[in-house]
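A short reminder: the numbers here are calculations on the coordinates, not readings from a lab. Note that the structure is a prediction, hence the values are computed from the model and not measured. No Cβ is skipped: glycine too gets one built from the backbone with ideal geometry, and neighbour counts run over all protein chains shown.
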Amino acid sequence: MKFKQYLENVYRIEMIEEGFSIPMKNKEKHKKLNPKTNRIKTFRKTRYIETNIPPEKRSFDNIPTYADGSLKVRFQDWLEIDTSKSPGKNWGWSKNGKCYGWSHRAIYGFKVGDEVKGDSEGKKWTFPKLPDGSLDFDNGVCEPDFIIKTNKQAEEVAKTFAENVS
């Protein structure tokens with residue numbers, strides 16, 4: 001058993017040296033007998049997809065998909081988005097230099113030099129109060145158009161985008 005694991009690890013290291021390895025969404029399933037209970041148990045093992053595309057050149061255009069169009073890998077793993085600064089939040093920095101914000105509805109990456117214009121969800125909104133004290137969501141005003149100048153500002157816009165889209 002240990003020799004088999006050793007061979008799997010050696011094979012895995014060789015595959016990593018040839019390209020990049022990304023964990024797949026769907027895990028490999030196999031059934032084994034549990035000797036303690038004499039019942040069949042389903043074990044899951046993470047599968048990996050190998051690619052030669054470096055992280056700096058990855059985008060949504062070249063993400064691996066199945067024939068039916070569903071994604072093989074999570075977009076966070078594909079773009080190598082670091083969410084360690086934002087545990088439980090829907091934003092993070094990618095290795096391609098963009099700060100991404102997302103929810104179940106949308107995802108977008110912001111970087112220095114991007115122009116945020118129109119009624120973009122990356123802008124902050126202010127809402128006037130009605131006479132009864134509640135907010136008037138029909139007459140909201142967003143901040144004026146701007147160009148992102150720093151990484152800190154790109155991070156703030158991504159956070160605002162994630163909050164507004166969700």
Revision key, fill the gap. Fraction of alpha-carbon pairs in region 16-80 farther than 13 Å apart, rounded to whole percent, equals 69 percent
Check your understanding: Summing +1 for each Lys or Arg and -1 for each Asp or Glu, what net charge is found among the other residues whose Cβ lies under 13 Å from the Cβ of Leu130?
Key -> -2
Revision key, fill the gap. Fraction of alpha-carbon pairs in region 51-112 farther than 20 Å apart, rounded to whole percent, equals 25 percent
Check your understanding: For region 81-166, what is the relative contact order in percent, using Cα pairs closer than 8 Å and at least 6 residues apart in sequence?
Key -> 33 percent
Exercise for review: Please quote Rg/Rh for the chain to two decimal places, taking the Kirkwood radius as Rh and restricting both calculations to Cα atoms.
Suggested key: 1.14
Review point. For region 81-166, what value does the Rg/Rh ratio take when both radii are computed over Cα atoms and Rh is the Kirkwood radius, given to two decimals?
Key: 1.04
Review point. Would you list Cys99, Cys142 from fewest to most Cβ contacts within 10 Å?
Key: Cys142, Cys99
Study note, to complete from the structure: Most exposed to least, judged by fewest other Cβ atoms within 10 Å, Tyr66, Tyr48, Tyr100 sort to Tyr66, Tyr48, Tyr100
Study note, to complete from the structure: A correct fewest-to-most ranking of Leu130, Leu71 by other Cβ atoms within 10 Å would be Leu130, Leu71
